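Reading through the structure tokens given below for one structure.
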Amino acid sequence: MEDRLVSLLKRFELRAQVFQAGPLCHSAEFNAGDDLGYIHVLRAGAIRLHSDGRRAVKIDQPCVLFYMTPTTHRLVPLGTDTDTVCASFEFGIGLHNPLLKALPDLVHITLADLPNMATTLELLFKEAMENHCGRQAIIDRMTEVLIVLLLRELMDQGRLESGLLAGLSDPRLAKAINALHADPASAWSLDSLADVANMSRARFAVHFRETVGMTPMLYLSEWRLSVAQSLLRRGWAVQSVADQVGYASASALSRAFTAQLGLSPSKWRRRQVSD
């Protein structure tokens, strides 16, 4: 099967930082205002999880808690044997990264339901509990691998009913989504995307909207702006970005960019630098 994540991982840089490894001795609180995602792996013991907008729940089975979007939450250890690895992560440029719309606020999966990740998790905990040279760099990179594996498992197990990853789980839609991910500058139309998916125009439009949650052309527009933000952050000139993502001119990109984000590309980039 064609790699369904390769274009996303090329465009948006994943960075993780492990800040907790071992016994969780005190409550730990995380604020949505930090604009970070979080992944918590509970290997042993129990915790009480408090998340904004949700009832507090007791969790006493080894599991992964995955917050793709910034969400205020708190972990409270129940007992002295609570063993965890916790990390924050960034996945590209934030607001228009399509992955942010691909998952619910919280994904909670028991480790028993992730057998394909068992080896990676074992290596992560082994490295985290030892004190060798390069430990922090290794567990940060291993957590990034863990996140990619988790995204793959969510697709392979069909756990998502809507959003980008649900679209990538559908073999026909995945062909079209991968094509526009790989070449956002192409003059894509509903007909040409339907042809790539080997579906009729009408069926493709309905199936895409029902699965991904938006029309194909709206998704294309958002993808182009996502890539534009990523390239601007890397220092590309506005005209070069426009050429790369399929706008006829820098002014055309600026109009679309401003309509969606409320800032011109140049002003947006300056704000990113100042932040």
Checklist entry - How about region 212-275: which helices (runs of 4 or more DSSP H) wholly inside it have at least 3 residues that are assigned by TED's automatic domain parsing to the domain that holds L193, among the hydroxyl-bearing types (S, T, Y) and at pLDDT 90 or above? => result 250-261
Item to check | Total residues in region 24-43, condition surrounded by 14 or more Cβ atoms within 10 Å (Cβ to Cβ) and over 16 Å from the mean Cα position of the chain (by Cα) | outcome: 6
Checklist entry - Does at least one position in region 90-103 carry a residue that is at pLDDT 95 or above and under 28 Å from S226 (Cα atoms)? => result no
Item to check | Residue within region 166-182 that is of a type in the set (S, T, Y) and under 24 Å from F89 (Cβ atoms) present | outcome: yes
Item to check | Total residues in region 214-259, condition within 20 Å of A187 (Cβ to Cβ) and touching a residue at least 24 places away in the same chain (Cβ under 8 Å) | outcome: 20
Checklist entry - Filtering region 128-155 down to residues that are small (G, A, S) and part of a helix (DSSP H, G or I), which residue is surrounded by the most Cβ atoms within 10 Å (Cβ to Cβ)? => result A128
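The values are calculated or read from the model by the stated rules, or taken from the named source; none is laboratory data. It should be emphasised that the depicted structure is a prediction, and the values quoted were computed from it without experimental measurement. All Cβ positions, even for glycine, are placed from backbone atoms using ideal geometry, and neighbour counts span all protein chains on display.
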